1. When ASP155, ASP280, ASP114 are ordered from fewest to most other Cβ atoms inside 10 Å of their Cβ, what list results?
2. Between ALA25 and ARG291, what is the spin-label point distance in nm, taking each point 7 Å from the Cα along the Cα→C-beta axis?
3. Could you pull out every residue, at least 5 positions away or on a different chain, whose amide H is within less than 5 Å of the one on ALA197? Hs are placed 1.01 Å off N in the peptide plane, and Pro or chain starts have none.
4. Over the Cα atoms of region 115-166, how large are the radius of gyration and the largest Cα-Cα distance (Dmax), in Å?
5. Expected output is a single nm value to one decimal: the length gained when fully extending between ASP325 and PHE36, i.e. 0.36 nm times separation in residues minus the C-alpha distance. What is it?
6. Using the count of nearby Cβ atoms within 10 Å as a rough guide to exposure, how do ILE126, ILE29 rank from fewest to most?
7. Taking Cα atoms of region 199-293, Rg/Rh with Kirkwood Rh, to two decimals?
8. When all alpha-carbon pairs of region 236-358 are counted, what percent fall beyond 17 Å?
Amino acid sequence: MLSLEVEPIKWKVIQTVRERFSCRACETITQPPAPFHPIARGRAGPNLLAMILEAKFGQHLPLNRQSEAYALQGVELSVSTIAGWVGACTANLEPLVALIDAHVLAAERLHGDDTTVPVLAKGKTITGRVWTYVRDDRPFGGRAPTAAMFRYSRDRTAEHPNRHLAGYAGILQADAYAGYNALYEADRQPGPITEAACWAHGRRKLFELAELQRAPLAIEAVRRIDAIFDAERAINGLPAEARLAVRQQHIAPLVTELETWMRESRSKLSRHNPVAKAMDYMLTRWEAFTRFLHDGRICLSNNAAERALRGIALGRKSWLFAGSDRGGDRAAAMISLIYTAKLNGVDPRAWLAEVLARIADHPASRLDELLPLELGPGEGEKGSGMTSNSIARLKITLDEVKPAVLRRLEVPLTIRLDRLHLVLQAAMGWTNSHLYEIRARDVGWGVPDPDWGGFCQHSRQP
């Protein structure tokens with residue numbers, strides 16, 4: 001019989017004895033060097049500091065509650081002492097935060113969003129903001145590690161995203177916040193950012209009307225949008241070229257039908273109608289909403305950024321407010337490290353303990369080795385695990401037709417057969433009637449072939 005058990009936390013004081021030795025011949029005195037402490041003249045070890053940081057910024061446990069919990073275990077640590085340790089650790093880890101920021105801003109596409117955070121002021125709290133920019137290349141088969149950059153600001157003016165993305169000129173998936181508009185201007189330096197709208201935001205407004213008011217037009221709009229999402233799920237994780245081919249053949253007609261229906265329905269509604277306002281949100285930004293049909297890197301939704309902010313939304317109920325603007329900056333920096341570690345499947349507490357123990361003696365030119373980014377086997381650089389060994393390169397030739405047809409594709413080795421069936425059809429410009437079956441070992445996927453009789457023993461469980 002097996003039982004799962006846990007050992008209670010154990011506290012210990014490590015006393016280091018540094019003996020002095022002298023040479024009788026030359027009277028030279030030697031002594032071992034003092035051990036390194038993560039905090040100068042501090043008495044906290046790296047594991048204790050990592051536990052405090054992960055509890056505060058990863059589990060959103062305020063320092064006063066941590067202090068009370070430690071006191072019950074017989075260890076008296078004042079809130080002011082712990083707060084000083086948190087500030088010192090944040091300063092020590094700033095070089096890693098800068099490296100993560102640089103990695104995020106080197107992305108071809110970013111997810112951006114923000115959420116509110118109360119900030120303590122004189123006799124009241126004001127509403128500050130925490131911004132996030134997430135690099136996640138996994139939806140289009142990218143090999144770069146996933147990471148997130150967080151920023152704090154005292155308000156929500158446009159100057160903040162303009163400053164955060166001052167050197168960026170890629171794709172930004174975000175909501176319709178007007179503060180982003182300056183980023184999309186053609187004369188912007190170093191170049192305009194490409195706007196990609198979020199279908200989840202557009203759907204949400206219609207979904208609320210469909211659920212709460214049971215509006216028939218809203219229900220139909222949600223049904224049509226859900227059909228687009230269903231078609232998109234089949235190509236999640238495929239290379240951008242394969243995604244684009246499938247979208248142009250299978251998803252673009254659904255989007256065209258939605259636009260035609262929505263514009264026709266909108267023309268019959270008053271501008272004060274709630275459903276009309278929800279439709280206008282999408283129709284007035286239709287170019288940004290349909291940009292994913294022309295670029296396989298763009299996602300259908302901005303859920304990656306919303307997931308990054310979910311912890312902050314939950315944490316507000318625990319810590320209630322940030323103590324100051326400096327506290328907001330510290331929180332944003334530490335959340336960048338902890339959330340990036342989680343995105344890469346790294347235990348934040350164990351990673352922080354190791355980094356705090358090593359960072360002072362680690363060469364500055366090799367600080368990237370300390371980042372919590374997943375390293376794929378056989379790769380010479382950090383990667384998301386999508387290594388060259390997990391990519392299948394397909395070469396498709398048809399010599400019997402004139403002119404001969406040649407297609408080259410890259411797909412993950414773990415691709416499901418039904419998805420591969422869809423990708424091959426789109427790449428070759430075929431319909432379902434042209435590609436009957438694909439087979440891997442004893443599993444196949446396809447449609448019955450009337451010309452080959454019983455040859456196609458296909459399975460519906462690819």
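Taken together, the values in this text are just the output of simple stated rules run on the coordinates, not laboratory data. For clarity, every value in this text was computed on a predicted model and none was experimentally measured. Here the Cβ is made from the backbone with ideal geometry for all residues, glycine too, and neighbour counts use every protein chain on show.
1. Values: ASP155 11, ASP280 16, ASP114 23.
The order, fewest Cβ neighbours first, is ASP155, ASP280, ASP114.
2. 7.6
3. Under 5 Å from the amide H of ALA197: PHE289, ARG291.
4. Taking only Cα atoms of region 115-166, I get Rg and Dmax of 15.0, 51 Å.
5. Values: separation 289, 0.36 × 289 = 104.04 nm, distance 3.10 nm.
Extra length from ASP325 to PHE36 when fully extended: 100.9 nm.
6. Values: ILE126 15, ILE29 9.
Lowest count first: ILE29, ILE126.
7. 1.00
8. The answer is 73 percent, as a whole percent.
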